[in-house]
4 protein chains.
Amino acid sequence: MQAVVKSAPLDGDAGTAIRDCPIPEPGPDEILIRVGAVAICGTDKHIYHWDPSIRDSVRPPRIYGHEFCGFVEQIGERAHRQNLQVGDYVSAEMHVVCGECQQCRSGNGHICARTRIYGLHEDGAFAEFVKVPASNVIPLDPSIPPRVGAFLDALGNAVHATQVVDLAGKSVAIMGFGPIGAMAAAIAEHCGASEIIIGDVTEHALETARRWAAGRKFANLHEFNVRAQPAAAIHKKVEEITDGGVDVVLEMSGAPSAINLGLKIVRMGGFLSLLGLPAGHAVTIDDYTRNVIFKGVTMQGIIGRRMYSTWHRMLALLHSGLDVEWVVQGTYDSLSDFPLGMASFDRHEALKVVLFPEGEEKAIQRVAASQGLARSA
Amino acid sequence: MQAVVKSAPLDGDAGTAIRDCPIPEPGPDEILIRVGAVAICGTDKHIYHWDPSIRDSVRPPRIYGHEFCGFVEQIGERAHRQNLQVGDYVSAEMHVVCGECQQCRSGNGHICARTRIYGLHEDGAFAEFVKVPASNVIPLDPSIPPRVGAFLDALGNAVHATQVVDLAGKSVAIMGFGPIGAMAAAIAEHCGASEIIIGDVTEHALETARRWAAGRKFANLHEFNVRAQPAAAIHKKVEEITDGGVDVVLEMSGAPSAINLGLKIVRMGGFLSLLGLPAGHAVTIDDYTRNVIFKGVTMQGIIGRRMYSTWHRMLALLHSGLDVEWVVQGTYDSLSDFPLGMASFDRHEALKVVLFPEGEEKAIQRVAASQGLARSA
Amino acid sequence: MQAVVKSAPLDGDAGTAIRDCPIPEPGPDEILIRVGAVAICGTDKHIYHWDPSIRDSVRPPRIYGHEFCGFVEQIGERAHRQNLQVGDYVSAEMHVVCGECQQCRSGNGHICARTRIYGLHEDGAFAEFVKVPASNVIPLDPSIPPRVGAFLDALGNAVHATQVVDLAGKSVAIMGFGPIGAMAAAIAEHCGASEIIIGDVTEHALETARRWAAGRKFANLHEFNVRAQPAAAIHKKVEEITDGGVDVVLEMSGAPSAINLGLKIVRMGGFLSLLGLPAGHAVTIDDYTRNVIFKGVTMQGIIGRRMYSTWHRMLALLHSGLDVEWVVQGTYDSLSDFPLGMASFDRHEALKVVLFPEGEEKAIQRVAASQGLARSA
Amino acid sequence: MQAVVKSAPLDGDAGTAIRDCPIPEPGPDEILIRVGAVAICGTDKHIYHWDPSIRDSVRPPRIYGHEFCGFVEQIGERAHRQNLQVGDYVSAEMHVVCGECQQCRSGNGHICARTRIYGLHEDGAFAEFVKVPASNVIPLDPSIPPRVGAFLDALGNAVHATQVVDLAGKSVAIMGFGPIGAMAAAIAEHCGASEIIIGDVTEHALETARRWAAGRKFANLHEFNVRAQPAAAIHKKVEEITDGGVDVVLEMSGAPSAINLGLKIVRMGGFLSLLGLPAGHAVTIDDYTRNVIFKGVTMQGIIGRRMYSTWHRMLALLHSGLDVEWVVQGTYDSLSDFPLGMASFDRHEALKVVLFPEGEEKAIQRVAASQGLARSA
């Protein structure tokens, strides 16, 4: 089968190859999935560029890809979960956890210390086929188009970040309008947020946000170019908009300056979901006494997706009308186009890039032919 | 001033008079409000009919009314809260609490055991003027039309019932599609509920629900005539719709059969907000072992509105686009029309009936002339 | 092996036999455990008496017992969990859940609708050996004596009931001072409850409570004979003790009158853990409007133990010094003494009765010989 | 009356005077309290040394003191709260809040942005008399000795830090064994913590911790000299003790190295209460990605005490037997001994220093003569 492989510890196309690989053989507890659509994630970009942050985790050769959807091709002998049949339309949680540690055994597998991530520690989904543990397979409703099914892993990050705090009637600031930030904005609007404040460093991103809000007829968007405007001015404006500070900050950028801006603009007693990963190791919190202690804020680190309540909530939100299809801004009908897709993603031309190994049309047909709704995540 | 008065302990018009009363004089900690719009509530109906349930609480003569909006007319000498000025557009929390008990002093004034309700224990807002404690006055944004400002107390009940549980992505069953149930449906849809299931005893109510959902283009409404269909059949249908049981039940009817139906259809580990008041004293829970214990459900009694976080959330939801104006199905431009309004409400012709002492047009003008936004509840 | 078997659908000794049975053979995912100590539970009593409530669940012949501890005897080929070795001192969660439903997959396996209970739906631990799924085995610290290890399932019920609400500094009423009520009292005292109020129908139980409190030098115990004293008098006394109502009610009796007394004495905004199972199907809530709605209470059905956070918390509480050994009031050194133990339990002579198939001395020796601490639940 | 006054913007005794001041006159909403006992707090030390951190908040001359208890001397005309009478034994919350902002009006007055602290922004309790708003007065039970009543403000900080997370069965690390850390340890042990880990920079503090644990017969204390031992070694030890990381960190030191150590040793998904104030403005979080995001931790800034649920919980914990009297390690029978007390506190000879304006004996007599229990906070 064709696969996109991190072939060597090198930056760019020199370290990435599209090559023929053997079709994986599913073990007794695994399911083999024919990939229908697969999306490029920020992590893939780090692998592609062989960023120092990622080198300890990836050992080439390694097949890329942890955001995808597809169709059940083969079911391991002990992998027969309820209802699941060959041909079914599915996605999968690509964090594979130990199941035995205290976190796993208390419903917190998303913070298992022994997590192995497919597409990073194990071969992933940028291929015609991928095998995953049966427990991690998530049946999808055919109403979800494959271009959306392709990036549920990423949407799950955004859902998880908004799952720890009820956004209805809250003012919400989103630091970083990349793919996850954009999805978080869609979720916040869908769930009744009263104000949405976007901070980003590019006009292009802010323009995308404005177009999205206009399309939704959402009147309460406020966007700030955090590079062009001084933090103090943004702070002042946000205090006016929110009558004293924003209720919830969704930190999706990882930039230390954005973390600090979030702490500055958040309300007394406010909440911060921290999801973005900084480039460096350390983050300096300015005015710790004033902004963390005296404000009595709550800060919550967000990693992965809750297994599997985040998946359940995500599918329910899509069913209730959450629209994130607009986040897909680049599609390619062949795995061979990976370099093109990565280049587009790399240049921030597209929030989300999706590749269809057999073409999008074929993926849509396979969805239509699948047995249909198996709802529980 | 003109006022609608429970004049005698009798049922119907015999016990209710529209008569001239002295304008109340605000004490040093009180504010006098010119009433712009006032709504009829189920409690008013109980007072009107001199229901046994209400007789201990009301001592005629007593001015009706605890759902209203209006304009600051006079401010007591110690009642100068931040920003509040004569002419301001306001509503008020009509539960007046002691401020000294453990509940009050821990941010739970809504369950103060010494609550006095204006329009019940004290004179209310079915009049040209009403006085209330300054602390209870809530400034309103001029974007809220007075016909909506008129029933924020009732909307607050619905908001409170949905404040204890995050509805985003949840399946929600609403037992009773009266005014509060209708508002709860609007809130659930606005906040991203995945399915909304309505149970009511009249086709008229279900038809109203259908029209509302169609208007919102909300595809996931399911309505049941709980009188016409057997509980077992409804149970089976709901299990299919929700894959095992509804996540959240909002019990707005008070009917013991509805409470039991709610417990039957709720998911294992589900949540029930209990707001409806039964006619009798006792409620028999069927299958207590199976439906309460073995299911591990949470049941939460809902009374009043949190002071004042519910008001804050309510205003934020309205600001974010929550639409409840459609609930108003009868308006009258004079207090003298109280008997007409009550008759219409009594016959379930209108979910909500609003009276404007000076006419709706004048109320709209006064809103426009008010100093504008003072946002914090 | 010897086993205590529900041999026929009859009441008492006529339907129970101590007989020779084959040693169970563990499947690939199961572990065979040599039983060190096994306790009699209220459910066993219902089975013994062939109560109508239990008849649908049990199909004779069936080995009794779901509270026990013992030693790993044989490990199925796929059942090798971390560290677990032959000879290890263990207990087990005897609710076996499907692992595939929404509850199971969101960390709420304790409310799986497809739960199978060993000792009820499957053969249990009143035998020399019992087999259980590997996932359900819980390693025990050798500091836990086998007479306590014998009833962790029951202790887990009490821990679960107190896990949903922080008891530190709270006034706590316990309805029913049977084995679970007694353990709940021990937990409440250990966790900093400010007042403990016990309601029971027998003087014997109240006397046991008094002796326990005296032994702990706990000054804030208040006990009521709920049969001898009128509810109104108890209510008045509790209001005095607690300055307005008790913070938390732990309903461990299942008696409808106790549920109603709990609702009466609970504080505005208070919390009720409902664990007791009533004899009949229906429970009538008196004064529903006043006691449920106007009080704004939260009621939470409690079933089983959270898998496995309750186990983890329970072991941590025992490690921190929680003393529940006093609850054991009858021990027998042979399975043959089951009829004696049951008779004693039946007559309320003993809160907890524990049987040791090989004698207590031998069980203690086996604990000492086990490899020792494997702490994570 | 005699009072201890920050007399000039200078370090040490040069900027502090014990002098005669007029007795404050209570306004209509205020209560005048005769001070029975008053404690020295870390903030007083900062004022005494005229630390840069405090200069913006204090304008000399200013009477010190915000931790005290005493006796009602005079009640303002509108200050007659339930039951409160001249002679009553009381303490007071010395954070005086606006009552009008969103925080105040949603039960979160402890994070009011307009808080004025008595003894800092207004005259305090290091005097024979102090006046405070009636709402802030807390009746005390005579069973609380005045040397403990003297520092309830500080105890309240510790209670608040432990109020956001249930400590029963949890492993708890306390960074900094100063007065608040010591009280936090007492609370943790009282509330059923399974392990208590203390980090401090002095052997003296660790020795005090050991003596306290020995006195309580608490076997699960682990103390670390965080200056003498490398963080990696402590981390390793804590992981062994706690099987993977501590559940809860109570950060009471403000030292950036302690904050980082706390993030290092906390469990995946653990909780950190952040109360300590760093000397500088910025705090650098090392390994932010690994320790905050990948661990999915929750960090909660702690300021003041919840009004007034923390007071209520604190009094209930004392009633249930919480012992913090041992924290008092220096007492003086005259306000004139302030310099001695401050010197002792400054040299870390005493965790808590209490002064009695009329002598301790007299204070004890006044407690005995007070009308007794008025329990609600």
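The values are calculated or read from the model by the stated rules, or taken from the named source; none is laboratory data. None of these values were measured; they are calculated from a predicted model. With ideal geometry, Cβ positions are generated from the backbone for all residues, glycine too; neighbour counts draw on all protein chains shown.
Looking only at residues in the range B:263-274 that are among the aliphatic types (A, V, I, L, M) and not in a strand (DSSP E or B), which one is farthest from the other protein chains (Cβ to nearest Cβ)?
Top of the filtered list is B:265.
Hey, does the range C:143-151 have a residue that's within 30 Å of residue A:134 (Cβ to Cβ) and in the same structural domain as residue C:50 (by TED's automatic domain parsing)?
No, there is no match, as no residue in the range C:143-151 is within 30 Å of residue A:134 (Cβ to Cβ) and in the same structural domain as residue C:50 (by TED's automatic domain parsing).
Looking at B:132, B:137 in this structure, which one is surrounded by 24 or more Cβ atoms within 10 Å (Cβ to Cβ), in the same structural domain as residue B:89 (by TED's automatic domain parsing) and at pLDDT 95 or above?
It is B:132.
Within the range B:275-331, which residues are farther than 15 Å from residue C:283 by Cβ, of a type in the set (A, V, I, L, M, F, W, C), assigned to a helix (DSSP H, G or I) and in contact with a helix residue (DSSP H, G or I) (Cβ under 7 Å, 6 or more places away or on another chain)?
B:311, B:314, B:317, B:326, B:327
Could you list all residues from the range A:191-218 that are under 19 Å from the mean Cα position of the chain (by Cα), closer than 26 Å to residue B:194 by Cα and buried (at least 24 other Cβ atoms within 10 Å of the Cβ)?
Scanning the range A:191-218 gives a single hit, A:191.
Can you tell me how many residues within the range B:268-299 are within 18 Å of residue C:290 (Cα to Cα) and small (Gly, Ala, Ser)?
5
So which residues in the range C:153-188 are buried (at least 24 other Cβ atoms within 10 Å of the Cβ) and acidic (Asp, Glu), if there are any at all?
Passing the criteria: only C:153.
For the range D:352-369, does any single residue satisfy the condition of being part of a helix (DSSP H, G or I), in contact (Cβ under 8 Å) with a residue 12 or more places away in the chain and touching an Asp or Glu at 6+ places or on another chain (Cβ under 7 Å)?
yes
If you go through the range B:84-93, how many residues are surrounded by 21 or more Cβ atoms within 10 Å (Cβ to Cβ) and among the hydrophobic types (A, V, I, L, M, F, W, C)?
2
May I ask you to verify whether residue C:165 is within 14 Å of another protein chain (Cβ to nearest Cβ) and out of contact with any Lys or Arg (no Cβ under 7 Å at 6 or more places or on another chain)?
For residue C:165, the condition - within 14 Å of another protein chain (Cβ to nearest Cβ) and out of contact with any Lys or Arg (no Cβ under 7 Å at 6 or more places or on another chain) - is met.
Restricting to the range B:105-129, and then to whatever is at pLDDT 95 or above and hydrophobic (A, V, I, L, M, F, W, C), can you tell me which residue is nearest to residue D:92 (Cα to Cα)?
Among those residues, the one meeting the criterion is B:112.
Give the residue, chosen from C:235, C:222, that is in contact (Cβ under 8 Å) with a residue 12 or more places away in the chain and in contact with a Lys or Arg (Cβ under 6 Å, 6 or more places away or on another chain).
C:235
Go through the range C:276-296 and give me each residue that's facing chain B (nearest Cβ under 7 Å) and within 25 Å of residue C:178 (Cα to Cα).
Correct list: C:277, C:278, C:281, C:282, C:283, C:284, C:285, C:286.
Scan the range D:145-152 and tell me whether some residue there is on the phi > 0 side of the Ramachandran plot, crowded, with 22+ Cβ neighbours inside 10 Å and either under 18 Å from the mean Cα position of the chain (by Cα) or not in a strand (DSSP E or B) (or both).
no
All but one of (1) outside any loop (DSSP other than H, G, I, E, B); (2) touching a Ser or Thr at 6+ places or on another chain (Cβ under 9 Å); (3) buried (at least 19 other Cβ atoms within 10 Å of the Cβ) hold for residue A:339; which doesn't?
Result: residue A:339 fails condition (3) only.
Which residue is nearest to the other protein chains (Cβ to nearest Cβ), if the candidates are limited to the range D:115-149 and must be of a type in the set (D, E, K, R) and out of contact with any Pro (no Cβ under 9 Å at 6 or more places or on another chain)?
Of everything passing the filter in the range D:115-149, D:141 is nearest to the other protein chains (Cβ to nearest Cβ).
Which residues, counting only those in the range D:94-114, are crowded, with 20+ Cβ neighbours inside 10 Å, more than 8 Å from chain B (Cβ to nearest Cβ) and out of contact with any Cys (no Cβ under 6 Å at 6 or more places or on another chain)?
Scanning the range D:94-114 gives D:94, D:95, D:96, D:109, D:110, D:111.
In the range D:308-333, how many residues are away from chain C (no Cβ under 14 Å), surrounded by fewer than 24 Cβ atoms within 10 Å (Cβ to Cβ) and either among the hydroxyl-bearing types (Ser, Thr, Tyr) or closer than 30 Å to residue D:116 by Cβ (or both)?
The number of residues fulfilling the criteria is 4.
Would you confirm whether or not the range D:346-363 contains a residue that is more than 21 Å from residue D:271 (Cα to Cα), under 17 Å from the mean Cα position of the chain (by Cα) and either of a type in the set (Asp, Glu) or modelled with pLDDT under 95 (or both)?
Within the range D:346-363 (the criterion being more than 21 Å from residue D:271 (Cα to Cα), under 17 Å from the mean Cα position of the chain (by Cα) and either of a type in the set (Asp, Glu) or modelled with pLDDT under 95 (or both)), the answer is yes, since at least one residue qualifies.
Within the range D:212-262, which residues are in a loop (DSSP other than H, G, I, E, B) and hydroxyl-bearing (Ser, Thr, Tyr)?
D:253
Write out, first by first residue and then by second, each pair whose Cβ atoms fall under 6 Å of each other, whose residues are 6+ apart or on separate chains, and whose first residue, in the range C:244-259, is crowded, with 24+ Cβ neighbours inside 10 Å while the second is of a type in the set (Gly, Ala, Ser) and part of a helix (DSSP H, G or I).
If the second residue must be of a type in the set (Gly, Ala, Ser) and part of a helix (DSSP H, G or I), the pairs left are C:249/C:262; C:250/C:161; C:250/C:184; C:251/C:262; C:252/C:181.
Of the residues D:184, D:193, which is out of contact with any Lys or Arg (no Cβ under 9 Å at 6 or more places or on another chain) and not assigned by TED's automatic domain parsing to the domain that holds residue D:309?
Every option except D:184 fails the conditions.
From the residues in the range B:240-262 that are farther than 21 Å from residue C:101 by Cα and among the aliphatic types (A, V, I, L, M), which one is farthest from the chain's Cα centre (by Cα)?
B:261
Here are C:232, C:186: which of them is more than 14 Å from chain D (Cβ to nearest Cβ) and among the small types (Gly, Ala, Ser)?
The unique qualifying residue is C:232.
Hey, could you check the range A:237-256 for residues that are at the interface with another protein chain (Cβ under 10 Å from one of its Cβ atoms) and among the charged types (D, E, K, R) and say which is nearest to residue A:295 (Cα to Cα)?
Restricting to residues being at the interface with another protein chain (Cβ under 10 Å from one of its Cβ atoms) and among the charged types (D, E, K, R), the top hit is A:247.
From the list D:120, D:167, which residue is in contact with a helix residue (DSSP H, G or I) (Cβ under 9 Å, 6 or more places away or on another chain) and either over 20 Å from residue C:189 (Cβ atoms) or part of a helix (DSSP H, G or I) (or both)?
One residue alone meets the criteria, D:120.
Which ones in the range C:219-242 are closer than 21 Å to residue D:312 by Cβ and either buried (at least 21 other Cβ atoms within 10 Å of the Cβ) or modelled with pLDDT under 95 (or both)?
C:238, C:242
Among the residues of the range C:346-363, write down those that are farther than 18 Å from residue C:146 by Cβ and surrounded by 24 or more Cβ atoms within 10 Å (Cβ to Cβ).
Matches in the range C:346-363: none.
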